[in-house]
Amino acid sequence: MSNKLVYNFGDGTADGDASMKNTLGGKGANLAEMSKLGLPVPPGFTIITDVCNAYYENKKNFPKELESQVTQALKLIEQKIGANFGDEKNPLLFSVRSGARASMPGMMDTVLNLGLNDKTVAGLAQKTGNKRFAYDSYRRFIQMYSDVVLGVDHYNFEVILDEKKEELGVTLDTDIGADDLEDLTKLFKEKVKEETGKNFPQDVNEQLWGAISAVFNSWMNDRAITYRQLNDIPAAWGTAVNVQSMVFGNMGNDCATGVAFTRNPSTGDKSFYGEYLINAQGEDVVAGIRTPQSITKKAKAEAGSDLPAMEESMPEVYQQLVEIYKKLELHYRDMQDIEFTVQNNKLWMLQTRSGKRTASAALKIAVDMVSEKLITKEEALKRIDPESLDQLLHPTLDPKAKIQVIARGLPASPGAASGAVVFDSADAEKRSQKEPVILVRSETSPEDIKGMHVSQGILTARGGMTSHAAVVARGMGTCCVSGATSLHIDNGGKFFTVGNVRVNEGDIITLNGSTGEVILGKVPTLKPNLSEDFKTIMGWADKVRRLKVRTNAETPADCMAAVEFGAEGIGLCRTEHMFFNEDRIISVREMILAEDKEGRKKALDKLLPIQEKDFAEIFKIMSGLPVTIRLLDPPLHEFLPHKKEEIEQVAKVIGIDSSFVKRRISALKEENPMLGHRGCRLGISYPEIYEMQAKAIFGAALKVAKETGKDVSLEIMIPLVVTKKELEILNAVIRKAQSELGYNKKYMIGTMIELPRAALMAGDIAKEAEFFSFGTNDLTQTTFGLSRDDSSNFLPHYQEAGIFEKDPFACLDQDGVGQLVEIATERGRKTRPDLKLGICGEHGGDPSSITFCHKIGLDYVSCSPYRVPIARLAAARAALA
């Protein structure tokens with residue numbers, strides 16, 4: 001760890017800069033950079049991220065040298081400000097905030113107005129001549145510090161505050177006078193004593209170190225851990241702590257606080273966009289306690305608001321803000337999310353960072369900035385998170401549908417979502433396992449992160465476009481409508497009303513996150529309409545990437561969707577999925593129940609024309625693109641009935657006794673079918689199955705070539721091999737079928753590498769295989785000895801304990817499973833230099849796994865149709881890396 005643990009900033013100078021994000025965290029690095037740019041930044045200091053890790057490694061004790069460095073930094077700030085920390089007549093107050101490398105909005109703890117006590121509050125009132133402001137700040141500090149540091153839930157103070165407003169007959173916090181605010185501070189301190197058994201701390205140094213500890217502690221709170229897991233942020237990064245001298249937006253009507261974006265974070269439009277509150281502090285804006293006002297007259301008009309825009313109420317300050325936001329965007333060459341405070345008509349900058357944005361906004365901003373020559377096409381590709389494209393690839397509401405709009409709010413995060421209403425995050429987690437849910441809250445808080453993650457949509461009665469719900473929903477790509485003020489929520493009764501309409505828990509509603517409409521019932525949806533910006537970005541990506549992108553598909557609908565999304569072929573067509581359709585399952589069961597080869601062939605003859613028709617449809621849609629067809633893979637028992645009535649129906653249709661069916665089901669049952677009689681082992685035992693499938697494939701290819709005049713690019717894949725001999729035997733079966741049908745076009749036979757032995761024996765297997773497709777689902781299962789279906793019960797514990805950084809079924813384990821893939825790649829190509837290599841497990845759509853595939857030289861990845869654009873962009877970013 002560095003000897004320098006504390007970095008100063010503000011007053012036009014700084015120890016660090018924007019390049020030190022790993023050390024200073026995002027907030028600290030940007031505060032330093034803004035200071036060096038000469039922007040008005042209140043002086044402060046940053047405790048580096050390494051201290052966070054040292055704090056946890058040393059059983060929550062600080063490094064010895066930290067205290068002296070903090071003391072020195074405090075003195076420097078006192079000199080700059082001309083006030084002293086803890087001075088009863090001229091007190092200096094601080095904010096204490098977190099600052100991780102990656103933005104984690106609302107996930108960790110903040111304390112404002114630190115340094116107030118029973119004596120300094122009187123000094124602050126005397127110094128400013130504003131008793132109301134002083135006690136408003138003190139009651140805020142007591143509430144925030146007690147919640148964050150002392151563990152007294154903020155709800156306790158909200159109850160006292162609401163009772164006071166009811167007693168006074170007022171609705172807004174700003175309507176409470178100075179004496180009543182002073183009374184509130186006494187009531188708050190009494191509640192602290194009641195809940196903790198101790199007096200609220202009056203020693204300002206105790207307050208400071210308590211707040212610093214609380215910020216570091218919040219790095220490991222549940223919501224921060226959940227957020228890191230959802231956003232792939234390593235715990236080892238730690239957080240910095242930023243201690244900054246306070247500026248006040250709550251001193252009167254010439255004061256304000258706000259949040260703004262240099263471009264619209266929902267649409268990407270190049271227009272200044274944000275909200276502010278007069279006579280407020282920053283937490284009021286993001287918490288949704290008061291309805292915020294628009295910064296610009298244009299936004300005010302679009303919102304239909306009659307509240308004055310900042311452009312009208314504070315024109316000179318607004319103009320300064322415009323100049324600063326333009327300077328920041330030009331400097332960082334990215335859309336910025338800025339926080340500011342106005343104290344007595346003086347503008348102060350509290351933060352800038354690259355703003356979170358919707359996927360559609362990210363595409364538009366990237367394309368526009370390339371046009372504006374702010375960034376290159378390569379930089380544009382690097383800035384767009386491939387996973388975020390998922391937001392764009394799903395249906396939207398059918399505009400022709402008849403709808404009953406019951407309320408309107410702000411279009412905080414676009415998209416459409418229908419689901420059952422729930423009013424609590426815990427309920428959302430439970431109910432979402434059975435059906436889609438919409439989380440309805442007065443406003444969300446960081447504690448709601450798990451419930452927000454599992455919900456299809458989020459609806460709040462309070463809060464603006466920069467509230468917690470809005471910012472987090474946009475980051476997640478979840479549809480959100482915020483600030484629907486006509487909603488009256490009864491959390492106890494589990495219902496909400498809008499006028500005469502009552503909506504109970506479990507009732508279905510639909511949200512339109514693009515318009516802010518709340519609709520009763522479920523609304524039909526339409527396919528996504530991909531924008532020109534989307535097509536432009538995909539075009540740039542396709543010119544850069546080396547990896548081809550295929551799809552996993554076996555139905556016409558999936559094939560068409562994949563082609564529309566830019567798939568360059570099929571990397572996995574699972575033939576067993578075709579067997580489950582109603583028009584063929586009886587024949588499949590007849591084949592399985594047959595006592596001899598003749599009986600099986602009789603049933604297979606019924607399946608042959610059906611399979612041939614299936615393949616012909618796929619070949620036509622793919623129109624000459626390569627199609628990899630995997631021969632039958634799952635164990636036969638999966639096709640057999642298990643319910644009594646189904647068993648009797650099968651027996652009746654086939655003309656056999658139901659007792660025989662039961663005996664056959666019992667005989668086929670395996671203790672561990674994943675490692676049993678499946679894959680190529682079925683072909684070895686029953687070659688007539690693979691013979692029928694090969695004939696169907698070649699027959700379909702001949703038919704389509706004759707009809708369309710275009711040859712099929714055909715690849716036949718044999719699953720679950722562990723030896724070259726298995727391939728030799730089954731290749732002969734396939735070539736016999738080819739010969740019988742007179743198929744003389746070029747095609748390939750290969751195998752799926754999904755067992756550790758196959759990976760190790762790849763050099764030998766490549767003598768018979770013309771291509772390998774890595775089935776990383778089963779390769780992960782067999783390498784780890786984990787069942788993908790059952791391990792979800794305990795994998796989270798492994799992640800929490802730091803044993804697994806990520807779920808190995810979601811993100812390829814590059815150290816273990818990846819090593820087997822590398823070995824197979826190297827050994828296979830040593831035998832056959834032109835060996836075609838791809839990956840078709842779920843990892844084929846995971847960006848980090850795609851980067852690995854690019855690095856080791858695979859030819860393609862294959863993923864589900866809706867992940868094809870994600871894979872295309874991820875492959876481009878891998879090439880640029």
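The values are calculated or read from the model by the stated rules, or taken from the named source; none is laboratory data. Everything numeric here is computed off the predicted structure, so don't read it as measured data. In this analysis, Cβ positions are derived from the backbone assuming ideal geometry, glycine residues included, and neighbour counts consider all displayed protein chains. With ligands, DNA and RNA removed, areas are computed over all heavy atoms of the protein, side chains included. Shrake-Rupley method; radii C 1.70, N 1.55, O 1.52, S 1.80 Å.
Is the range 141-288 best put as rounded, prolate or oblate by its Cα gyration tensor, with a ≥ b ≥ c the root eigenvalues, rounded for a/c under 1.5, and otherwise prolate when a/b is larger than b/c, oblate when not? In terms of gyration-tensor shape, oblate. Distance between the 7 Å Cα→Cβ label points at S371 and R333: 1.9 nm.
To the nearest 500 deg cm²/dmol, what mean residue ellipticity at 222 nm is calculated for the chain from DSSP H runs of n ≥ 4 alone, each contributing -39,500 (n - 2.57), summed and divided by the residues? The partial results should precede the final answer.
Working: 35 runs with 392 residues, N = 881.
After summing the helix terms and dividing by residue count, I get -13500 deg cm²/dmol.
So if each residue of separation counts as 0.36 nm, and I subtract the Cα-Cα distance between D657 and E378, what length gain in nm does that give? Spell out each step's value before the answer.
On the way: separation 279, 0.36 × 279 = 100.44 nm, distance 6.74 nm.
Length gained between D657 and E378: 93.7 nm.
Farthest toward the positive end of the dipole of the chain, out of I734, V503, F579, is the Cα of I734, where the dipole comes from beta carbon charges about the Cα centre. For the chain, the Cα gyration tensor yields ellipsoid semi-axes of 60, 29, 26 Å (square root of five times each eigenvalue, largest first, whole Å). What does DSSP give for the chain in terms of the percent of beta bridges that are antiparallel, rounded to the nearest 5? Bridges in the chain that DSSP calls antiparallel: roughly 60 percent. Projecting the Cα atoms of Y155, V41, A299 onto the charge dipole of the chain, computed from C-beta unit charges around the Cα centre, puts A299 farthest toward the positive end.
When a/c reaches 1.5 or more, the comparison of a/b and b/c decides; with that in mind, is the range 1-132 rounded, prolate or oblate per its Cα gyration tensor? Don't skip to the answer; put the middle values down first.
Details: a/c = 1.81, a/b = 1.49, b/c = 1.22.
In terms of gyration-tensor shape, prolate.
For the chain, the dipole from Cβ point charges (+1 on Lys and Arg, -1 on Asp and Glu) about the Cα centre works out to 2520 debye, to the nearest 20. Ordered from largest to smallest accessible area (heavy atoms of protein chains, 1.4 Å probe), the residues Y56, Y743 come out as Y56, Y743.
Taking a 1.4 Å probe, which of K745, K300 shows the most accessible area, and what order do the others take after it?
Numbers: K745 80, K300 40 Å².
Result, largest first: K745, K300.
Average 1/r across all pairs of distinct alpha carbons in the range 488-571, invert it, and you get the Kirkwood radius: 17.1 Å. About its Cα centre, the dipole of the range 532-594 is roughly 420 debye, where the only charges are +1 on Lys and Arg Cβ and -1 on Asp and Glu Cβ.
If you average the sequence gap of Cα pairs under 8 Å that are 6 or more apart and divide by the length of the chain, what percent do you get for the contact order? Please list the in-between numbers first.
Details: 1823 pairs, mean separation 76.1, N = 881.
The value is 9 percent.
Of the residues A178, L74, Y138, the one whose Cα sits farthest towards the positive end of the charge dipole of the range 69-185 is L74 (charges of +1 on Lys and Arg Cβ, -1 on Asp and Glu Cβ, taken about the Cα centre). Of the beta bridges DSSP finds with both residues in the range 386-485, what % are antiparallel, to the nearest 5? Restricted to the range 386-485, the bridges split so that about 25 percent are antiparallel.
You can think of it this way: the chain between L150 and L307 has 52.7 nm of extra reach, that is 0.36 nm per residue less the Cα-Cα gap.
Remark: C-alpha extents of the range 442-514 on the principal axes read 34, 21, 21 Å, sorted largest to smallest.
Figure legend: label point modelled 7 angstrom from the Cα of K186 along Cα→Cβ; no residues of the range 140-172 have amide N under 11 Å from it. Measuring only protein heavy atoms, the 1.4 Å probe finds R867 accessible over about 60 Å². Note on Q202/K643: beta-carbon distance plugged into 1/(1 + (r/R0)^6) with R0 of 56 Å gives a FRET efficiency of 0.20.
Please give the contour-minus-distance gain from E435 to D87: 0.36 nm per residue of separation, less the Cα-Cα distance, rounded to one decimal in nm. Before the final figure, lay out each step's value.
Details: separation 348, 0.36 × 348 = 125.28 nm, distance 5.80 nm.
Stretched out fully, the E435 to D87 stretch lengthens by 119.5 nm.
In terms of its alpha-carbon gyration tensor, the range 396-523 comes out rounded; the largest-to-smallest axis ratio a/c stays below the 1.5 threshold.
Loop-located trypsin sites (Lys or Arg not before Pro) in the range 586-693 (DSSP state other than H, G, I, E, B) with a sparse environment of at most 16 neighbouring Cβ atoms within 10 Å: K643, K669. State the Cα centre-to-centre distance between the range 719-761 and the range 102-146 in whole Å. Computed from Cα coordinates, the inter-centre distance equals 73 Å.
Separation of the range 669-689 from the range 592-644 is 15 Å, based on Cα centroids. As a length-normalised measure over Cα pairs under 8 Å and 6 or more apart, the relative contact order of the range 473-580 settles at 15 percent. For the range 320-417, the extents of the C-alpha atoms along the principal axes are 50, 41, 21 Å, listed from largest to smallest.
Which GluC sites (Glu not before Pro) in the range 38-91 sit in a loop by DSSP (not H, G, I, E or B) and have at most 15 other Cβ atoms within 10 Å of their own Cβ? Let's see the in-between values first.
Values: sites: E57, E65, E67, E78, E88; in loops: E65, E88.
Sites meeting the loop and neighbour criteria: E65, E88.
Assuming charge only on the beta carbon of Lys and Arg (+1) and of Asp and Glu (-1), the dipole of the range 532-688 about its Cα centre is about 420 debye to the nearest 20.
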